[in-house]
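Step one of this worksheet: look at the structure below.
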Amino acid sequence: METVLYFFSGTGNTLALAKYVQEKTAATMLPIAAMRDADAVAVQSEAIGIVTPVYYGDLPNIVKDFLRKLRNIEERYIFLVVNYGGGTGTSVATAKKLVRENGGRVSAVYSIHMPQNSFAKSAETPTGLYAAAERVLSDIRQTVLQQKEGTFSTNRYADALQGILYAILKPMYRKHLLRLSSLDADASIEAAIAAADRTFSVNESCTGCGICARVCPVDNIDLASGRPGWLHHCENCLACYTWCPEKAIRGPLVEENYYYRHPGVRLQDLAGQKMGSIP
Ligand SMILES: Cc1cc2nc3c(=O)[nH]c(=O)nc-3n(C[C@H](O)[C@H](O)[C@H](O)COP(=O)(O)O)c2cc1C
Ligand code: SF4
Ligand code: SF4
């Protein structure tokens, strides 16, 4: 069955999962970052998979925008692979809703615990999480071929609590992001995420190498002054922070001195996203 996998990744976990699914299903991978300026995305394949991280208990802004642009999805088999450091939050509900609004339906959901890349180090070892992810995804070929319905998860108990947990956490995230972005109290959480890059700074170790701008999936970094300047349409994906060879970027979006990236993903794989190149 012709399958296209749409993915977005900042520190490689989602890209590694998408590659694993691609190997199992022989799907074509397409980066969501390359479609960020498109007005609409018309689907031609029989099946589509959406592979995404969870940000602030929901989908990243860029993934929400992408789902709003999907067209021609009425008769397609659609599956979702969400991955997170703590829990799925409302990301699955948001994805289902946005797909439904364009006439489609999400049939299968894979909910995958991966290492936390931001606020805190995961208690679990990354290798244990990678192995659990592969176990849950190992049957994905059959799922897609047989167009199965259902939820396949690395942690069903955690999934069951997400609705209650994120009803409490989301207002806290919004308040935190509004403070970081210096926006008015009535600004949306999406606007606050986009402007939270105001909190990034760069220290004297910066050599002006430009890797941060290269790896930014949404071209949100300007190097005109020889050092990075952030342009306030940020996804908070942490690619710039993580991939800076000098560890020169600082800011409260991450736990200080915590640097995570998936060991199987290279800088050029992530940097290629916005150009549409497939790793
Ligand atoms: C800005 C930001 C917000 C995040 N928010 C959450 C969250 O609310 N819940 C969660 O479980 N994980 C959260 N995470 C962790 C990521 O979902 C997780 O580490 C994911 O695997 C990262 O994927 P990537 O490596 O493809 O970027 C967040 C990460 C970032 C960068
Ligand atoms: S990647 Fe780091 S060292 Fe290179 S320009 Fe960006 S902040 Fe400076
Ligand atoms: S500026 Fe940094 S955190 Fe923001 S989208 Fe670009 S790479 Fe990600």
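The values are calculated or read from the model by the stated rules, or taken from the named source; none is laboratory data. Given the structure is predicted, the values throughout are model-derived calculations rather than measurements. Neighbour counts run over all protein chains shown; Cβ positions are idealised from the backbone, glycine included. Heads up: the accessible areas ignore ligands, DNA and RNA and are worked out on the full protein's heavy atoms, side chains in. Shrake-Rupley method; radii C 1.70, N 1.55, O 1.52, S 1.80 Å.
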Candidate span helices, the chain: DSSP H, at least 20 Å along axis from Cα coords, Kyte-Doolittle average at least 0.0, result 156-181
Need one number: the % of Cα-Cα pairs in the stretch 109-225 sitting beyond the 24 Å mark. 54
Let me see the pair-distance distribution of the chain: every alpha carbon pair, 10 Å bin width, integer percents in order. 7, 30, 38, 21, 5, 0
Mean separation of Cα contacts under 8 Å (6+ apart) over length of the chain, as relative contact order %: 20
Residues with amide H under 5 Å of LEU5's amide H, sequence separation 5 or more or different chain, H placed in the peptide plane at 1.01 Å from N; which? THR28, MET29, LEU30, GLY49
Extension gain ARG156-PHE119, at 0.36 nm per residue separation less the Cα-Cα distance, in nm? 11.0 nm
Two pseudo-spin positions, 7 Å from Cα along C-beta at ARG179 and at ALA93, lie apart in nanometres by 2.5
Excluding the sites themselves, what is the longest stretch of the chain that contains no GluC sites (Glu not before Pro) in a DSSP loop with at most 15 other C-beta atoms within 10 Å? 150-203
At a 1.4 Å probe radius, carbon and sulfur cover how many percent of the accessible area of the chain? 51
Of PHE66, PHE152, PHE119, which has the most accessible area and how do the rest follow, probe 1.4 Å? PHE119, PHE152, PHE66
Simple spin-label estimate for ARG71 and LEU223 in nanometres, 7 Å along Cα-Cβ: 3.6
Post the alpha-carbon centroid distance, the stretch 159-176 to the stretch 46-92, in whole angstrom. 18
The equivalent-ellipsoid semi-axes of the stretch 3-161, taken as the square roots of five times the Cα gyration tensor eigenvalues and listed largest first in whole Å, are 23, 17, 15
